[in-house]
Amino acid sequence: MMAQATEWLDIAALSDIPQQGARLLRTGAGCVAIFRTHDDRVFALDDRCPHKGGPLSEGIVAGHTITCPLHNWVFDLNSGQAQGADEGAVRSYAARVEGGRVLVSTEMLTRRSAA
Amino acid sequence: MMEKLVVIGAGMASGRMLEHLTDANAPYQITLFNAEPRGNYNRIMLSPVLSGEKTYEDIVTHDADWYQSRGITTRFGEHVTGIDCKRKIVHGQNGAVPYDKLVIATGSAPFMIPVVGRDLPGVIAYRDLDDTNAMIAAAQPGAEAVVIGGGLLGLEAAAGLQMRGMKVTVIHLMGHLMERQLDPSAGYLLQKALEARGIRVHCKGATKAILGETHAEAVLLEDGTVYGADLVVMAVGIRPETRLAVDAHLEVERGITVDDQLRTSDPSVFALGECVEHRQQLFGLVAPLYDQAKVLASTLMGEASAFQPVQTATKLKVTGCDLFSAGDFADGPTREDIVFRDPGRGIYKRLVIEGDRLVGAVMYGDTADGSWFFGLIKDQTDISQMRETLIFGPAFQGGGSVDPMAAVAALPPDAEICGCNGVCKGRIVDAVLGGADTLDKLRATTKASASCGTCTGLVQQVMALTLGGDVAEAAVGMCGCTDLAHEDVRRLIKAKGLKSMPAVMQDCGWTTPDGCAKCRPALNFYLLADWPLDYHDDRQSRFVNERNHANIQKDGTYSVVPRMWGGVTTPAELRAIADAAEKYNVPMVKVTGGQRIDLLGVKKEDLPAMWADLNDAGMVSGHAYAKGLRTVKTCVGSEFCRFGTQDSTGLGIRLEKLLWGSWTPHKVKLGVSGCPRNCAEATCKDVGVVCVDSGYQVSVSGAAGMEVKETELLVTVPTEDEAVEVITAFIQLYRENARYLDRAWKWTARVGLDWVKAQVVDDPDQRRALVARFDLSQSVYRKDPWAEHAKPGARDEFSPLTDLRLEAAE
């Protein structure tokens with residue numbers, strides 16, 4: 001575990017993301033999907049299903065899960081783990097809401113080296 | 001010489017602080033400013049004053065005598081114009097006062113949404129006694145009031161005005177009332193209760209303007225709705241009143257920033273109440289403000305004290321609405337829900353548990369245990385031992401876990417289980433012993449739980465008891481969120497008048513907070529099909545194709561298919577399609593099986609601009625992605641063909657222009673052939689018409705996909721008008737009755753073609769009623785989704801939020 005404190009980046013207002021929906025962030029190493037759930041929490045996951053590369057940001061957000069629009073794989077938004085009989089995981093990043101703003105960990109900017 | 005203390009603002013927080021100071025005979029010479037021409041009163045009790053249950057005199061906490069006896073100099077009705085921190089002077093309208101210590105308690109100001117007409121007479125905020133009196137003066141019985149804002153304050157205002165005889169409408173921007181305190185299920189129950197009292201509630205309503213010449217007359221919403229309003233109350237929220245602090249160059253974020261001793265950035269200046277921000281937190285409820293008052297009084301008397309915000313609970317002060325919310329009830333990765341719903345009695349309880357602790361509770365209808373749950377949250381009690389029975393409250397604790405089967409086992413044989421069909425427990429037991437070991441078999445033999453379905457759980461328990469726990473689970477539920485089948489849910493939506501997603505989930509006892517990817521698209525369709533005027537389409541419950549109005553491809557690009565009515569196009573349309581294909585670098589242009597042109601491989605962010613270009617050439621969405629009307633395939637018919645018997649092209653165009661835009665349980669494809677040679681392949685479509693000399697053969701329920709199936713004849717009619725009427729009625733019957741994702745052939749196999757014929761062929765009244773309902777629905781849905789989403793303001797959601805590639809490079 002790294003002891004270093006998370007650095008946060010303010011990317012948007014919470015209201016820019018529809019409830020039970022998602023928007024995209026472009027980064028140097030591909031797109032990251034920012035999800036907003038029914039209870040106004042936010043999650044950040046790579047926008048790429050490990051199955052066939054489907055854009056997770058276009059899936060249906062229900063509870064704290066996302067269903068891939070291409071072949072209905074379901075992922076836990078918090079851990080990025082596939083649910084049910086499917087096996088696989090999507091990389092997730094720290095994200096939170098503060099004062100109506102969406103903050104994400106700056107980790108995703110440098111992830112190419114980590115990956 | 002006594003130190004001079006000046007206090008700005010005589011609200012509840014500063015009032016409590018002054019009580020503490022003067023009770024302890026603190027050695028201060030106190031001057032109190034208040035912009036209102038009166039002292040401290042209990043603002044929480046303004047709603048009973050508004051409703052007429054109390055008067056101002058009842059809610060005064062500090063009268064003139066009180067201030068006099070405590071030696072406080074009052075400067076009421078006087079605005080403070082400025083603070084000079086360097087020279088330690090407060091400037092009032094009637095002169096300056098020096099201070100040694102200053103307390104700012106300016107409270108909060110109502111937030112006025114910046115719409116046209118907000119300055120008209122008759123538009124009032126709801127904050128203080130003057131506002132309340134203005135509302136009382138305006139509240140003529142029978143007159144109309146619109147309250148903008150469905151939070152705590154707005155609903156209290158609405159209830160008060162309604163009790164004074166006004167016709168009240170509440171407009172709320174969010175999807176459900178009091179979204180900060182309640183989840184959607186509890187919000188729905190609250191809305192139902194308010195509506196039962198005669199208050200109209202309009203959620204997802206954005207105010208566009210307040211209309212009126214010399215006085216407010218009506219409120220116009222963004223969606224075009226207009227509500228008459230002799231009085232408009234704005235209760236959309238409050239913001240800390242920080243103007244004096246800002247002018248004095250004190251540190252201000254959203255509120256005046258204070259430390260744990262309520263000290264501002266100037267060591268001689270303190271602040272408390274709704275105007276402060278403490279560790280990024282603002283305060284609106286009275287309990288933490290009273291804590292602040294105590295801490296600040298101690299600080300001013302030189303005692304060590306520190307403010308620590310505590311959990312707060314909310315109860316709604318509207319008579320008849322039993323509502324409670326405490327702690328944090330948001331879902332979380334490490335959190336689990338316990339949900340209890342009793343649809344019959346309108347009860348909803350949700351507990352949120354993290355580890356062994358209760359962290360949040362929302363309750364509606366029965367809040368008797370609220371304070372007990374609140375205690376568990378505040379004290380962080382370990383609840384692992386009582387978890388199974390926690391939701392039943394303190395009365396059920398300590399006696400070991402309750403066997404949920406015990407109550408059912410104790411029922412006598414003549415106890416009625418299924419109220420709809422009058423089936424008692426004894427008959428179910430007999431049927432099960434006679435071999436009905438699944439729910440389906442039992443329903444077939446006894447009809448128990450076969451109607452409204454609400455007793456299904458009970459029926460299953462009786463079966464389990466009888467069989468010794470080995471019930472063959474009949475997987476009838478539409479998804480993991482409910483045991484009710486699609487048909488049951490559709491029936492309940494109609495029978496109980498359920499018009500929103502939270503309404504269905506509550507009244508049908510959903511086991512998840514907001515459904516899943518299986519049930520949400522189905523519910524969205526059922527609701528819009530049954531309540532076209534009341535329900536608003538929920539984009540977030542749509543599959544990607546219907547949300548983005550284009551067909552997603554394997555690489556995440558989209559295909560765009562403009563409508564070609566009846567497969568007929570023009571050189572101008574073809575030119576516009578060619579231009580769009582080149583402008584947006586479309587990698588493939590393909591002719592579809594449905595007689596139109598598919599542009600494949602379009603990037604999502606290009607969709608709105610491309611649609612706008614196609615719209616400019618007069619084309620609309622072909623809905624090639626939709627569970628809705630796709631194409632009407634035609635042959636050239638009598639206009640050109642030497643065999644053609646009727647104008648099949650014209651009929652195809654007429655049908656497509658009538659039916660387009662309508663949402664259906666699954667896709668709907670039509671074909672119209674001009675003679676029995678059937679060049680339009682009409683006999684493998686959902687609806688096919690084959691023209692003959694004597695008229696039109698209308699056949700239905702064909703398929704040419706995974707299943708290949710020839711259509712079956714519905715009826716032969718002599719005129720085109722009759723053909724159109726019977727087809728429209730058939731599609732509406734399909735929309736009203738089929739399971740989501742059942743093609744027409746699957747649905748007619750379930751219900752039987754004879755039943756369909758009885759509705760749309762044999763019964764002319766029923767046929768016309770179906771057509772009328774279809775027309776009503778089309779008055780809402782026959783519109784081009786491309787035009788809507790290509791509007792400049794609607795395009796943003798098709799592009800990324802932010803591009804971080806530049807920042808990464810830095």
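Bear in mind these aren't lab numbers, they're just calculated from the coordinates by the rules spelled out. Not measured: the values here are computed from a predicted model. Note that each Cβ is placed from the backbone with ideal geometry, even for glycine, and that neighbours are counted across all protein chains shown.
Observations, loosely collected:
- Close amide H partners of B:ALA125, meaning residues 5 or more places away or on another chain with modelled amide H under 5 Å apart, are B:MET234.
- Shown for region B:322-402 is the translational diffusion coefficient from the Stokes-Einstein equation, using the Kirkwood radius over Cα pairs, a temperature of 4 °C and a viscosity of 1.567 mPa s: 102 µm²/s.
- A Cβ-based charge dipole, computed about the Cα centre of region B:741-807 with Lys and Arg at +1 and Asp and Glu at -1, lands at about 240 debye.
- The slack in the chain from B:THR570 to B:ASP260, taken as 0.36 nm per residue of separation less the alpha-carbon distance, amounts to 104.1 nm.
- Basic side chains Lys and Arg get +1 at the Cβ, acidic Asp and Glu get -1 at the Cβ, and with that the dipole of the protein assembly as shown about its Cα centre reaches some 1400 debye.
- Compactness of region B:643-770 as Cα Rg over 2.2 N^0.38 Å, two decimals: 0.97
- Alpha-carbon Rg/Rh ratio, for chain B, with Rh computed the Kirkwood way: 1.06
- Computed over region B:705-803, the P(r) curve from all C-alpha pair distances, binned at 10 Å from the origin, holds 13, 33, 26, 15, 10, 2, 0 percent per bin.
- Of B:MET588, B:GLY618, B:VAL544, farthest towards positive along the dipole that unit charges on Lys, Arg, Asp, Glu beta carbons give region B:544-621: B:VAL544
- Isotropically averaged projected area of region B:1-130, using the convex hull of Cα atoms (one quarter of hull area), nm²: 9.9 nm²
- Taking only the C-alpha atoms of the protein assembly as shown, the Rg (one decimal) and the largest Cα-Cα distance, Dmax (whole number), read 32.5, 115 Å.
- Phi-derived couplings, Karplus 6.51 cos²θ - 1.76 cosθ + 1.60 at θ = phi - 60°, listed residue by residue for region B:32-42: 10, 9, 8, 5, 6, x, 7, x, 7, 9, 7 Hz, with x used for Gly and Pro.
- The alpha carbons of region B:544-621 give a radius of gyration and a Dmax of 11.5, 32 Å, in that order.
- Using a cutoff of 8 angstrom between alpha carbon atoms and counting only pairs six or more residues apart, the relative contact order for chain B works out to 6 percent.
- In sequence order, region B:662-674 has phi-based couplings of 6, 8, 9, x, 9, 5, 10, 10, 10, x, 10, 10, x Hz under the Karplus curve 6.51 cos²θ - 1.76 cosθ + 1.60, θ = phi - 60°, and Gly or Pro positions carry x.
- Per-residue Cβ neighbour rank within 10 angstrom, fewest leading, A:THR27, B:THR438: B:THR438, A:THR27
- Translational D in µm²/s for chain A (Stokes-Einstein at 25 °C, 0.890 mPa s, Kirkwood Rh from C-alpha pairs): 173 µm²/s
- Kirkwood-based shape ratio for region B:112-236, expressed as Rg/Rh from alpha carbons: 0.94
- Residue-span extension gain [B:ARG795 to B:VAL780] - 0.36 nm each, minus C-alpha spacing: 3.2 nm
- Amide H contacts for A:ARG48 (H built 1.01 Å from N in the peptide plane; partners 5 or more residues away or on another chain; cut-off under 5 Å): A:LEU56.
- 222 nm mean residue ellipticity, helices alone, for the protein assembly as shown (DSSP H n ≥ 4; -39,500 (n - 2.57); rounded to 500): -8000 deg cm²/dmol
- The simple Förster model, with R0 at 30 Å and r as the Cβ-Cβ distance, assigns B:ALA209 and B:ASP616 a FRET efficiency of 0.50.
- Put simply, the C-alpha atoms of region B:74-181 give a gyration tensor, and the ellipsoid matching it has half-axes of 36, 17, 13 Å, longest first.
- Calculated on the alpha-carbon coordinates, the convex hull of region B:481-596 measures out at 160 cubic angstrom per residue.
- Within chain B, the whole DSSP H helices whose Cα atoms reach 20 Å or more along their own axis and whose mean Kyte-Doolittle score is at least -1.0 are B:286-300, B:720-737, B:764-781.
- A cut-off of 5 Å between modelled amide H atoms, ignoring neighbours fewer than 5 places along the same chain, links B:GLU274 with B:GLY107.
- Nitroxide proxy distance, nm - points 7 Å out along Cα→Cβ at A:GLN83 and B:ALA464: 2.2 nm
- Pairs from the table (B:LYS518/B:LYS667; B:LYS669/B:LYS757; B:LYS204/B:LYS667; B:LYS603/B:LYS746; B:LYS590/B:LYS757; B:LYS167/B:LYS791) lying more than 27 angstrom apart at Cα are B:LYS204/B:LYS667; B:LYS603/B:LYS746; B:LYS590/B:LYS757; B:LYS167/B:LYS791.
- Take the Cα of B:ALA769, step 7 Å toward its Cβ, do the same at B:ASP555, and the gap between the two points is 5.3 nm.
- Estimated vicinal HN-Hα couplings, Hz - region B:115-121 in sequence order (Karplus 6.51, -1.76, 1.60; Gly, Pro = x): 10, 4, x, 5, 8, 5, x
- FRET efficiency for B:LYS54 and B:LYS657, using Cβ-Cβ distance with R0 set to 45 Å, rounded to 0.05: 0.15
- Cα-only Debye scattering, region B:559-694: base-10 log of I(q)/I(0) at q = 0.10, 0.14, 0.16, 0.21 Å⁻¹: -0.34, -0.65, -0.81, -1.18
- Annotation: for a label point projected 7 angstrom from Cα along Cα→Cβ of B:ALA787, residues of region B:592-632 with backbone N closer than 17 Å are B:608-623.
- Rounded D (µm²/s) - region B:695-737, Kirkwood Rh over Cα pairs, Stokes-Einstein at 10 °C, 1.306 mPa s: 141 µm²/s
- At full extension, B:ASP337 and B:VAL751 could sit 145.2 nm farther apart than now, given 0.36 nm per residue minus the alpha carbon distance.
- Cβ-based exposure ranking for A:THR67, B:THR225, in which fewest neighbours within 10 Å come first: B:THR225, A:THR67
- Antiparallel DSSP beta bridges within chain B, as percent of all bridges there, nearest 5: 60 percent
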